[in-house]
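Trainee: I'd like to ask you about the structure that follows.
The values are calculated or read from the model by the stated rules, or taken from the named source; none is laboratory data. Bear in mind the structure is a predicted one, so any value in this text is a computation, not a measurement. Just so you know, the surface numbers come from the protein's heavy atoms only, side chains and all, with ligands and any DNA or RNA stripped out. Shrake-Rupley method; radii C 1.70, N 1.55, O 1.52, S 1.80 Å.
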Amino acid sequence: DEQTFNDVFKDVPHYEVSKELLGQPAVDIFNQEGMQIFPSKSEMRKLVKGGGVSLNKEKLQAFDQIITAEDLIDGKYLLMQRGKKNYFLVIVK
């Protein structure tokens, strides 16, 4: 449930993005101003190519993969993982 999900990820960095961004490439959504998931778009591109980026515990296939409402957990969360230990929770409002 949502409470358990929030408890598990309470210590990871949280970011908020607008629901209007859905339908755009991952590289644009996860490199918004103020978001510190990736240092740059080119760094994200390299990490995705090397298999080092996961969305909701599944490897991101392409840095420009389109993120849709179907990718949301409980209709409002995206769980990004960079490398093995760096998790980020993105709340879509």
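Trainee: How high is the relative contact order of the range 1-61? Use alpha-carbon pairs under 8 Å, at least six apart in sequence, and give a whole percent. Kindly include the intermediate steps, with their values, before the conclusion.
Mentor: Details: 25 pairs, mean separation 9.8, N = 61.
With pairs under 8 Å counted, the relative contact order is 16 percent.
Trainee: Full-extension gain between residue 56 and residue 21, please, as 0.36 nm times their residue separation minus the C-alpha to C-alpha distance. Please list the in-between numbers first.
Mentor: On the way: separation 35, 0.36 × 35 = 12.60 nm, distance 1.75 nm.
Extending this stretch completely gives an extra 10.9 nm.
Trainee: Grab the DSSP H runs of the chain that are 4 residues or longer, score each as -39,500 (n - 2.57), total them, divide by all residues and round the 222 nm result to the nearest 500 deg cm²/dmol. Mind dumping the intermediate values first?
Mentor: Working: 3 runs with 20 residues, N = 93.
The per-residue figure over the chain is -5000 deg cm²/dmol.
Trainee: If you rank 82, 45 by how much accessible surface each has, with a 1.4 Å probe, what is the order from largest down? Write out the running numbers ahead of the final one.
Mentor: Working: 82 55, 45 90 Å².
Heavy-atom accessible area, descending, gives 45, 82.
Trainee: Sticking with this structure for a sec: In whole Å, largest first, what are the principal axis extents of the Cα atoms in the chain?
Mentor: Cα spread of the chain along its principal axes, largest to smallest: 34, 29, 24 Å.
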